[in-house]
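The values are calculated or read from the model by the stated rules, or taken from the named source; none is laboratory data. None of these values were measured; they are calculated from a predicted model. Note: ideal-geometry Cβ built from the backbone for every residue, glycine included; neighbour counts use all protein chains shown.
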Amino acid sequence: MMSKKKIITLFIYLTFMLCIGIILSYYILNFRLSCCLNDKPIIFIASLGGIGTALVGSSFFYLRKLYKYAINYKLNVSKSDVEKINELGMCLYYYLRPVFSVALSLLIQVALLSSVQIVTIEGASLNEGYIYLVMLISFFGGFAAGDLITYLESKGNALLRKTLNI
């Protein structure tokens with residue numbers, strides 16, 4: 001189990017990530033009002049929006065998990081080495097999930113952009129609908145980061161086995 005101090009630190013961290021994601025998402029949704037983004041390419045704006053919504057999705061999901069953990073379990077920690085290592089692993093798990101969701105958002109954006117580029121004629125440009133699509137899918141990517149990582153891991157392992165005939 002995790003200590004009370006580490007639980008509070010995780011709450012603060014995830015809440016901060018949630019706030020950053022909300023602010024970034026709101027800023028991107030109102031990009032036309034921003035003098036800083038008017039001349040930026042749609043892909044840049046979509047990337048920022050995807051990162052924002054991924055942070056919102058991941059932080060929302062793991063804050064929910066964290067408060068359920070805090071409600072259902074005692075916050076005292078034993079001093080044994082095994083439990084200290086377990087506690088460290090749990091901390092890293094929660095600290096890294098928002099970062100993973102941002103990485104998954106970038107992967108989603110690359111997949112969407114590549115699919116758009118495959119089916120469009122040369123010279124076609126993206127419009128602001130692409131921004132909203134990236135932000136929506138990135139939210140779900142952030143929310144389900146753990147499931148996406150598990151899925152990618154299983155598909156990657158299957159592809160590796162098939163490729164190497166293992």
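When you scan the stretch 12-45, how many residues do you find that are closer than 17 Å to Gly57 by Cβ and among the β-branched types (Val, Ile, Thr)?
Residues flagged as closer than 17 Å to Gly57 by Cβ and among the β-branched types (Val, Ile, Thr) within the stretch 12-45 amount to 5.
Between a first residue in the stretch 7-22 that is at pLDDT 85 or above and a second residue that is in a helix (DSSP H, G or I) and among the charged types (D, E, K, R), which pairs have beta carbons less than 9 Å apart while being 6 or more apart in sequence or on different chains?
Final answer for the pair search is Leu14/Arg97.
Sort out which residues of the stretch 45-68 are free of Cβ contacts under 8 Å to residues at least 60 places away in the same chain and surrounded by 13 or more Cβ atoms within 10 Å (Cβ to Cβ), and write them in order of number.
Answer for the stretch 45-68, where residues must be free of Cβ contacts under 8 Å to residues at least 60 places away in the same chain and surrounded by 13 or more Cβ atoms within 10 Å (Cβ to Cβ): Leu48, Tyr62, Leu63, Lys65, Leu66, Tyr67.
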